[in-house]
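Q: Take a look at the following structure, please.
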Amino acid sequence: NAGVTQTPKFRILKIGQSMTLQCAQDMNHNYMYWYRQDPGMGLKLIYYSVGAGITDKGEVPNGYNVSRSTTEDFPLRLELAAPSQTSVYFCASSSSGLAKNIQYFGAGTRLSVL
Amino acid sequence: AQSVTQPDIHITVSEGASLELRCNYSYGATPYLFWYVQSPGQGLQLLLKYFSGDTLVQGIKGFEAEFKRSQSSFNLRKPSVHWSDAAEYFCAVDTGNQFYFGTGTSLTVIP
């Protein structure tokens with residue numbers, strides 16, 4: 001079982017470059033999430049989606065965009081990379097948006113912006 | 001504002017010793033509570049969860065946690081730590097709208 005798959009695992013960007021972090025899940029989950037994890041800061045929610053075609057902002061959405069054209073995929077777009085976006089990014093999915101959901105996480109993408 | 005506090009940034013225990021990781025939350029009602037573990041270079045894995053009912057919940061890998069409403073706490077415990085338990089541990093709350101994670105506690109296990 002693949003679960004939640006994130007690509008790439010590592011990436012180095014120059015300031016001002018753009019890139020897309022890919023996330024795919026094969027569990028037919030409706031809900032998907034993007035988090036960033038900074039040292040000593042825990043995880044912060046960037047964006048989330050409750051289903052195909054529906055996305056919403058989390059705590060720290062500035063500088064990012066998302067789309068959800070299919071149930072399986074939830075890419076995260078950085079348009080103009082900045083050093084402040086150096087972080088580890090985690091994608092997660094869950095079967096329900098109710099409080100009883102349990103999130104399943106990908107292995108993460110480590111991004112450095114230089 | 002909702003928040004999750006893990007007061008211990010780093011804990012070191014000897015293998016075989018007992019473990020308790022602290023978690024306090026700030027929320028108007030009783031949230032849903034979780035503990036996740038993250039091994040180096042890996043994503044987060046759910047250890048256990050509390051939704052309602054019995055305030056002592058059992059999880060995987062021999063972990064348990066106790067919800068104490070009066071203290072707004074959800075501390076994680078294990079009676080005998082194994083070297084493979086060395087990892088980062090995150091407490092999280094789900095308010096029904098969003099997940100909030102604590103800043104994590106790094107566990108080192110010494111032989």
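Q: Lys and Arg at +1, Asp and Glu at -1: add these up for the other residues within a Cβ distance under 12 Å of B:SER73 and post the number.
A: Its environment carries a net charge of +2.
Q: Compute the Kirkwood hydrodynamic radius of chain A, taking the inverse of the mean of 1/r over all pairs of distinct Cα atoms, and give it in Å to one decimal.
A: With all distinct Cα pairs of chain A included, I get 14.0 Å.
Q: Measure off 7 Å from each Cα along the Cα-to-Cβ vector at A:ILE54 and B:ARG69, then give the distance between these two points in nanometres to one decimal.
A: With each label point 7 Å from Cα toward Cβ, the separation is 3.1 nm.
Q: Let me know the mean shielding of A:13-24 by other chains, meaning the per-residue number of their Cβ atoms within 10 Å of its Cβ.
A: 0
Q: Based on Cα coordinates alone, diagonalise the gyration tensor for the stretch A:3-57, multiply each eigenvalue by 5, take square roots, and list the semi-axes in whole Å, largest first.
A: They are 22, 15, 13 Å, listed from largest to smallest.
Q: Measuring from centroid to centroid over Cα atoms, what is the spacing of the stretch A:27-70 and the stretch A:2-23 in Å?
A: 14 Å
Q: Averaging sequence separations of C-alpha pairs under 8 Å and six or more residues apart, then dividing by the length of chain A, give the relative contact order as a whole percent.
A: Once divided by the residue count of chain A, the mean separation gives 36 percent.
Q: So, one more: When only Cα pairs under 8 Å and 6 or more residues apart are kept, what is the percent relative contact order across chain B?
A: Across chain B, relative contact order equals 38 percent.
Q: Counting residues in the stretch B:53-106 as N, plug N into 2.2 N^0.38 Å and put the Cα Rg over that result.
A: It is 1.24.
Q: What accessible area per residue, rounded to a whole number of Å², is obtained for chain B using a probe radius of 1.4 Å?
A: I get 46 Å² per residue for chain B.
Q: Hey, any idea what the orientation-averaged projected area of the convex hull of the protein assembly as shown's Cα atoms comes to, in nm²?
A: 12.4 nm²
Q: Interface size between chain B and chain A, please: total buried accessible area, 1.4 Å probe, rounded to the nearest 100 Å².
A: The contact between A and B buries close to 1600 Å².
Q: I need the phi-derived Karplus couplings for the stretch B:32-41: 6.51 cos²θ - 1.76 cosθ + 1.60, θ = phi - 60°, integer Hz, Gly and Pro marked x.
A: Karplus values, whole Hz, x for Gly and Pro: 8, 10, 9, 10, 10, 10, 10, 7, x, x.
Q: Further question: Using DSSP, restrict attention to beta bridges with both residues in the protein assembly as shown and report what percent are antiparallel, rounded to the nearest 5.
A: 90 percent
Q: Round to a whole number: what % of the accessible area of the stretch A:1-94 belongs to carbon and sulfur, probe 1.4 Å?
A: Whole-percent figure for carbon plus sulfur exposure: 51.
Q: Ignoring ligands, DNA and RNA, please state the percent of accessible area on the stretch B:38-111 from carbon and sulfur, probe 1.4 Å.
A: Roughly 49 percent of what the probe reaches on the stretch B:38-111 is carbon or sulfur.
Q: Calculate the radius of gyration of the Cα atoms of the stretch B:38-79 to one decimal place, then report Dmax, the largest Cα-Cα distance, as a whole number, both in Å.
A: Every Cα atom of the stretch B:38-79 included, Rg and Dmax give 11.6, 36 Å.
Q: For the stretch B:2-77, what is the convex hull volume of its Cα atoms per residue in Å³?
A: Hull volume normalised by residue count: 113 Å³.
The values are calculated or read from the model by the stated rules, or taken from the named source; none is laboratory data. Everything quoted here is computed from the prediction, not taken from an experiment. Glycine also receives a Cβ, built like all others from the backbone with ideal geometry; neighbour counts cover every protein chain displayed. The accessibility values were calculated without ligands, DNA or RNA, using every heavy atom of the protein model including side chains. Shrake-Rupley method; radii C 1.70, N 1.55, O 1.52, S 1.80 Å.
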